[in-house]
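Single-structure report; data block below.
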Amino acid sequence: MTFASIIIQLLNGLAAAASLFLVSAGLSLIFGVTRIVNFAHGSLYMLGLYGAYSLIQALGRTPMGFWSAVVLAALAVGLVGVLIEVLVLRRIYRAPELFQLLATFAVVLVIKDIALFVWGAEDLVGPRAPGLSMAVEILGKRIPAYDLLLIAIGPVVLGVMWLLLTRTRWGALVRAATQDREMVGALGVDQARLFTSVFFVGSVLAGLGGALQIPREPANLELDLAIIADAFVITVVGGLGSIGGAFLAAIIIGVAKAFCIGIGTVTWFGFEISFSKLTLVVEFLIMAVVLVARPYGLLGKPQAVQRIAADLAPPLTAPSWKIALVWVVLLLGVPLVADRYITIMLTDIVCFALFAVSLHFIMGPAGMVSFGHAAYFGLGAYAAGLLFKRAGLPMEAALLLAPLCAGAFAVVYGWFCVRLSGVYLAMLTLAFAQISWSIVFQWDSVTGGSNGVFGIWPSAWLAGKTTYYYLALACCGTGIALLWRVLFSPFGAALRAGRDSPLRAEAIGIDLRGFQWAAFVLVGALAGLAGSVYAFSKGSISPSTISIGQSTDGLIMVLLGGVETLTGPVVGAAVYTWVRDAVARHTEFWRAVMGGIILLIVLLFPQGLVGGLKALFLRWKEQRA
Amino acid sequence: MSDAVLQVEGLHKAFGGVQAVADVSFAITAGEMLALIGPNGAGKSTCFNMLNGQLVPDAGIVRLAGRDIVGLRPRAVWQLGVGRTFQITATFVSLSVRENVQMALYSHAGRLRSLLHRFGAAFRAEADALLAQVGMLDQAERTCGVLAYGDLKRVELAMALANEPRLLLMDEPTAGMAPRERVALMELTAGLARRRNIAVLFTEHDMDVVFSQADRIIVLDRGELIAGGTPAEVRANPKVRAVYLGSTH
C-alpha cells in the first residue's frame, strides 16, 4: 500500500464513520437515560434515508432543496421517535426491561411494512448532493467532495452534543439521569418530558445519519437491522451512554472497514487472505477484543447500581407430569386427523419450541440474555447440511452430530460471553452470531454463500411428512424435557442462584462462571439440535437461519409467551409461528400485523401470554373463593 | 498468638491516591467476638473485602489458621472455612429459605455439578437444623424474595454457617434492622460462636450492640488502627472519644 492509498482509505473510513457516529450517539443517548435497548433505532435511520429521498424529489435537486430535505427528514424522524415513546414505551416503563425490548421489535416490524407500503420493495437510489457532486484531488487520487463534508459533520455534531450536554439544563438532566435515573425522579424532575425529549434528540440523530447517507447508499428495506447491528457494536465499543466513546468507536470501526476493503486480497507466507471478506466481520472482532479487555467499552463506566432491584424473578414451578402427558398424547394424535399442511406446520413449531426453550433457559433462569441465539440454531442447521452433503455422512449421523458442532461453537463463544453481564453480554452474543453469519454468507465454496445448501433430505424411512413430524417431536421433545429437568437439578438451581445474586453465589463457593459456561454449551447444543431437525425438514438451508431476524424471532417467542414461566416459550413459539403463517397467507404486510399484535399484547399483558393468563386465572380463583 | 484463627499483618490498600487501609494488623482467636468499628469511610468494608478475597491488598499478609490466603478468590476462601454475610443482604430471592441453605450445603459437599438429580432432595435435615438454630425453621418454605429484612439477615447467617466455618465475617450484620432485633441477632450469633468455637469478626454502627456483644473491639480511622482492647478499654480511650465525639476532653 502506498502512502497515498493509506490516506485515501483513511478518508473513506472517516466519511463512513460520520453516519455511524450519528446513529450510535442517538442510541447511546436513549439507552443512557431510559435504559431501553431500542432495536427500532435502525428503523429510524432507514426512515431518514427514505424521507430524504422523497423530500428531495418534492423540493427539487438544488442545494437548497437537498439540504432542506435532509434537515426536514431528520426532524420528521425525530417526531416518529416521539410518537413511539409516547404511544408505546411510556406505557411500559415499569414493565420488565425485556418487555420493552419486545415492544421495540414490534416497532421494527411495523416500520418495515410502512416503508414497504409507502416506498415499495425496490431499492431507491438517491441523487448526489447538488453543488457537491465533484471530486477533490488529494495526493493524486480523487475523493468526492461530499465525503469531505461528511468528515467535517461528525466532529461538528459531537461539538454540538457536547455543548448541549454540558452547557444546558436539559444536558445536566440527561447526564444526571444517565448516572442515576431514580435519583433524578426522586428530585421531582418530570421524567416523562425528559424521556420524550431524549427520544426526540436521539431519533433526530438517527434520521440525520440516514438522510446524510442518501447520496452514498440506496434506501432499502434491509437497512434497519443492518445498521442496528453496527450501532450496537459502536455504542458498546465506545461505552454505553458515552457520546465521546461513540465518536471514537465509529472512527475506529469506519476506518478498519475501509482498510479491509482497500487492502483486498493479500498473500502472506503462501496463504491468501481476503481482507475484503473481513469487512463484515472486522467490527465484531474489534468488539469482542474490546469487551474482553475493557468490559465497559473504551470510554464507558460500570453501570450505576440500580436501586430498584428491577425484576425480582419469581420462583420456578415445575410443569405437571399429568398435563405434559396429555399434551404428548395430543401431539402424537394430531397427524391422524390433520392434513399435510398442519403436519408440516407442527414440525416447524416443534423445532422453534426447542429453539425458544433453549433461549429461555439461558436468558431466564440462567440470567444471560442472548441477542444472538440464532448462531447455534443456524450452525446446527449448517452442520447438519454440510455433514450430509459435503462430508457424505448418512442423514441420521448428520442429524445427531450437528448439535455437537453447535455445542463446540458455544464452547468458544461462551468462554468470552460469560465474562460479561447485562446488555454488554447480550451485545457480545449478537456479535458472535453476526460473525458466524458473515462466515457462512461469504464462504461460497463450502456453504453456498447467500444461496445456501440444497438437497438436504431425510433418509427414505423418515421422508414421509408424518414420520418426520414424529422424529422432530421425539428429538425436540426430548430436548425440551432435558432442559426442563436440568433446571430443577442442582446444576440448574445453582444457575438460578447465580442469577439472583452473583455475590452470594461466589461467597458460598459456587464457580458461577464455570456453571454459566457449561449452560451456554448445553443450550447451544440443543438449539443446534433444533436447527438440525429444521434443516432436514425443509430440505435446504440459507444464511437467514443465523440472521439477526432469526435471533429476534426467538426473543419474540420467549417474551411473547412470558419469560417467567417454563411453558411460556413453547406457547410463544406456537402462537408466533402459527399466526405469522396465517397472516402471511392473507397479506403482504404480515410484519405490520404481527407487530400490531405484539404491541397489543405488550400493552395488555406485560407478563407475556402465559404469565398474563395465569394472573387472570388467579384473580378469577380469588374472586370465587 | 499462634492459635489465632485469623491473623492480619500490615494490610495496605489504596484506591487511586486515597489510602483506604494503611498498615492494619490484628488477630482473632476461636470463639471470640471481635468488633471492627470506625466512622463512615474509615476503611472497614475495604478491610473486610480483603479478608475474603473480594479485593486483593496492595501489601500485607492474611493468614487463616496459619495459611496465607491473599490472592485467593472468595469461593476458595469459603472452601477454607470462612462464612460471610453482607452489609446489604445477598440471598437467592427466587429460591425458598430452605433451598438457600441447601444451596450452601450442596456447594460445600461439591454436589452442585449434577444435571439430572433433583435439587433439594439431599441435605434437607441439615438445612432445617441450621434454620432451627437461627430461628427460621417455621419460614423454611417461604420464598426469600418476600421475607422481612431482619429475617433475610438470619437466612444469611444460616448460609454462612453451612460450611462449618472457623471464621465468620459479618459486615454490618444489623444494618436496617429494628433496635430490638439487632441485639437479638447478635446475641444469637455470639451464642453460636461460643458453642461452635467460631471466631466472629463484625463491623457495626450500633454502639449498644458493639459494647454489649463484642469480647474485643478494634477501632479504625482513616484507614489506620487507632485503638484496640476490651470494650471498657476502648470506651475509655481518648483517641476513640476524639474520633467519635470530635473533641479530646
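Every read-out reported here was derived from the displayed coordinates using simple, explicitly stated rules and does not represent laboratory data. Computed from a predicted structure; not experimentally measured. A quick note on method: Cβ atoms are made from the backbone with ideal geometry, for glycine too, and the neighbour counts reach across all protein chains shown.
Spin-label model, A:Leu503/B:Arg111: points 7 Å from Cα along the beta carbon direction are separated by 3.0 nm. Per-residue Cβ neighbour counts within 10 Å put A:His373, B:His108 in the sequence B:His108, A:His373, beginning with the fewest.
For an R0 of 41 angstrom, estimate the FRET efficiency from the Cβ-Cβ distance between A:Leu187 and B:Gln79 and round to the nearest 0.05. Numbers along the way, then the final one.
Values: r = 45 Å, r/R0 = 1.11.
Calculated transfer efficiency: 0.35.
Here the Karplus relation 6.51 cos²θ - 1.76 cosθ + 1.60, evaluated at θ = phi - 60°, turns the backbone of the range A:270-287 into coupling constants of x, 9, 8, 10, 9, 6, 5, 6, 6, 3, 6, 9, 4, 5, 6, 5, 4, 4 Hz, with x for every Gly and Pro. Using C-alpha pairs below 8 Å separated by at least 6 residues, the relative contact order for the range A:504-625 is 18 percent. Bridges between two residues of the protein assembly as shown, per DSSP, are antiparallel at a rate of about 65%.
Using Cβ point charges alone (K and R +1, D and E -1), the dipole size of the range B:83-135 about the Cα centre works out to roughly 160 debye. Backbone amide hydrogens, once placed in the peptide plane, bring B:Thr29 within less than 5 Å of B:Val5, excluding anything fewer than 5 places away on its chain. In a DSSP loop and with at most 11 other Cβ atoms within 10 Å, the trypsin sites (Lys or Arg not before Pro) in the range A:517-590 are A:Arg585.
The residues packed around B:Ala27, meaning those with a beta-carbon under 11 Å from its beta-carbon, carry a net charge of -1 if Lys and Arg are +1 and Asp and Glu are -1. Quick one: grab the alpha carbon gyration tensor of the range A:523-610, order the square roots of its eigenvalues as a ≥ b ≥ c, and give me rounded if a/c is under 1.5, else prolate or oblate depending on whether a/b is larger than b/c. Because a/c hits 1.5 or more and a/b fails to exceed b/c, the range A:523-610 counts as oblate. Give me the percent relative contact order of the range B:95-164, please, defined on Cα pairs under 8 angstrom at least 6 residues apart. That works out to 49 percent.
Normalised by residue number, the volume inside the convex hull of the Cα atoms of the range B:1-84 is 94 Å³ per residue. Across the range A:257-265, coupling constants 3J(HN,Hα) worked out from phi with the 6.51/-1.76/1.60 Karplus curve, θ = phi - 60°, read 5, 4, 5, 4, 5, x, 5, x, 9 Hz, and Gly and Pro carry x. The calculated FRET efficiency for the pair A:Val125 and A:Ala481, based on their C-beta separation and a Förster distance of 56 Å, comes to about 0.60.
Once you keep just the Cα pairs under 8 angstrom separated by 6 or more residues, what percentage relative contact order results for chain B? Relative CO of chain B lands at 27 percent. Count the net charge of all other residues whose Cβ sits under 12 Å from the Cβ of B:Arg75, scoring Lys and Arg as +1 and Asp and Glu as -1. For residues surrounding B:Arg75, the net value is +2.
Shape of the range A:1-121 from its Cα gyration tensor (a ≥ b ≥ c, root eigenvalues): rounded if a/c is under 1.5, otherwise prolate when a/b > b/c, or oblate? Working shown, then result.
On the way: a/c = 2.36, a/b = 1.38, b/c = 1.71.
Oblate, since a/c reaches 1.5 and b/c is not below a/b.
Looking at the range B:73-232, the DSSP beta bridges with both ends there are about 45 percent antiparallel.
Going from the residue with the fewest nearby Cβ atoms within 10 Å to the one with the most, B:Cys144, A:Cys417, A:Cys260 rank A:Cys260, B:Cys144, A:Cys417.
Based on the Kirkwood radius over alpha-carbon pairs, what value in µm²/s does the Stokes-Einstein equation return for the translational diffusion coefficient of the range B:95-164 at 4 °C and 1.567 mPa s?
Numbers: Rh = 11.9 Å.
Answer, rounded: 109 µm²/s.
For the range A:81-182, trypsin sites (Lys or Arg not before Pro) are listed when DSSP marks them as loop and at most 14 other Cβ atoms sit within 10 Å of their Cβ; the list is A:Arg94. About its Cα centre, the range B:95-164 has a charge dipole of approximately 240 debye under the convention of +1 per Lys or Arg Cβ and -1 per Asp or Glu Cβ, with nothing else charged.
Mind checking the angle between helix B:97-108 and chain B's longest principal axis? C-alpha axes, 0 to 90 degrees, to the nearest 10. Roughly 80 degrees between the two axes. Seen against the Cα atoms of chain A and their longest principal axis, helix A:590-604 is set at about 80 degrees.
Rg to Rh ratio, chain A, alpha-carbon atoms and Kirkwood radius?
Numbers: Rg = 24.8 Å, Rh = 25.5 Å.
With Rh from the inverse mean 1/r over Cα pairs, Rg/Rh is 0.97.
Okay, which of the range A:213-255 sit inside 12 Å, backbone N to the point 7 Å along the Cα-Cβ direction of A:Arg419? No residues fall inside that zone.
Rg and Dmax over the alpha-carbon atoms of the range A:321-624 stand at 19.2, 66 Å. Of the residues A:Ser489, A:Ala474, A:Ala431, the one whose Cα sits farthest towards the positive end of the charge dipole of the range A:321-624 is A:Ser489 (charges of +1 on Lys and Arg Cβ, -1 on Asp and Glu Cβ, taken about the Cα centre).
Across the range A:92-102, coupling constants 3J(HN,Hα) worked out from phi with the 6.51/-1.76/1.60 Karplus curve, θ = phi - 60°, read 10, 4, 8, 6, x, 3, 5, 6, 5, 4, 4 Hz, and Gly and Pro carry x.
Relative to the first principal axis of the alpha-carbon coordinates of chain B, what is the inclination of helix B:149-160, with its axis defined by its Cα atoms, in degrees from 0 to 90 and to the nearest 10? Taking Cα atoms only, the helix is inclined about 80 degrees.
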